[in-house]
Amino acid sequence: MKALLLNGSPHEKGSTFTALRYVEDALNGEGVESELFHVPPEPIKGCFGCRACRQNGLWRCVMHEDAVNVIIDKMEAADALVIGSPVYYASPNGHFLAALDRVFFAGSGADIFRGKPAAAICAARRGGATATLEVLQKYFTLGGMPLVPSSYWPMIHGHNAAEVVEDAEGVQAMQMVGLTIAWLLKCIEAGKTQGIEYPALPGGEKISTNFIR
């Protein structure tokens, strides 16, 4: 069992990283392997909607100059996902959102998300944390990923990494994210031994419609 943790902050060792480390420590303590990947701060283009990822058969983005396909490859090998972002203007880091848009759009056809537990966490100085979580969690709903709960909204507060460790409730929420993911992964593994698998799409393929009659 392995969990992929994505640090969507441009600051590699900042508040978001510190929060994710609490999640990671809890996972490792329950015997779940983890990888904490820092999304590089180099510019990341947003999705162009070119749909070339659906034409090449690889379900990878045709823009190869950034970390998007690296993340997709790592997600394919993982059993769970945690994404973390700082709060900027009451929203996630825009650089990270650009990456996530392309990761989930290009990777969706490879069926690498469905049935894998996922959690979003955020680090904030003060406000905007719940709005940030709502934006991040939409990716899981779209990807068919069970949303992992915690003891509270999975947010942590502080102006910097040194301060977030003083947020006792936030630290506990991060730890609970890791513990709950580990529990869910063990439940899924136990279910598979009894022949219980995540349901396949009715009809075998995703249906895409619009409202034009």
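Calculated mean residue ellipticity, 222 nm, the chain: -12500 deg cm²/dmol, from DSSP H runs (n ≥ 4) at -39500 (n - 2.57) each, averaged per residue and rounded to 500. Sorted fewest first by neighbouring Cβ atoms within 10 angstrom, 53, 187 come out as 187, 53. Annotation: lysines with alpha-carbon distance below 22 angstrom to residue 116 (same-chain offsets under eight excluded): 2, 74, 138, 186, 192, 206. A dipole drawn for the range 112-213 from +1 and -1 charges on Cβ atoms has a positive end, and of 201, 118, 145 the residue lying farthest that way is 201. For the range 23-92, the set of trypsin sites (Lys or Arg not before Pro) satisfying both a DSSP loop assignment and a count of at most 12 other C-beta atoms within 10 Å is given as 51.
Distance from the C-alpha centroid of the range 1-60 to that of the range 128-178: 15 Å, rounded to the whole angstrom.
Laboratory data are not the source of any read-out in this text; all were calculated from the coordinates shown. Nothing here was measured: the structure is a model prediction, and the numbers come from that model. Here Cβ is always computed from backbone atoms with ideal geometry, including for glycine, and neighbour counts include all displayed protein chains.
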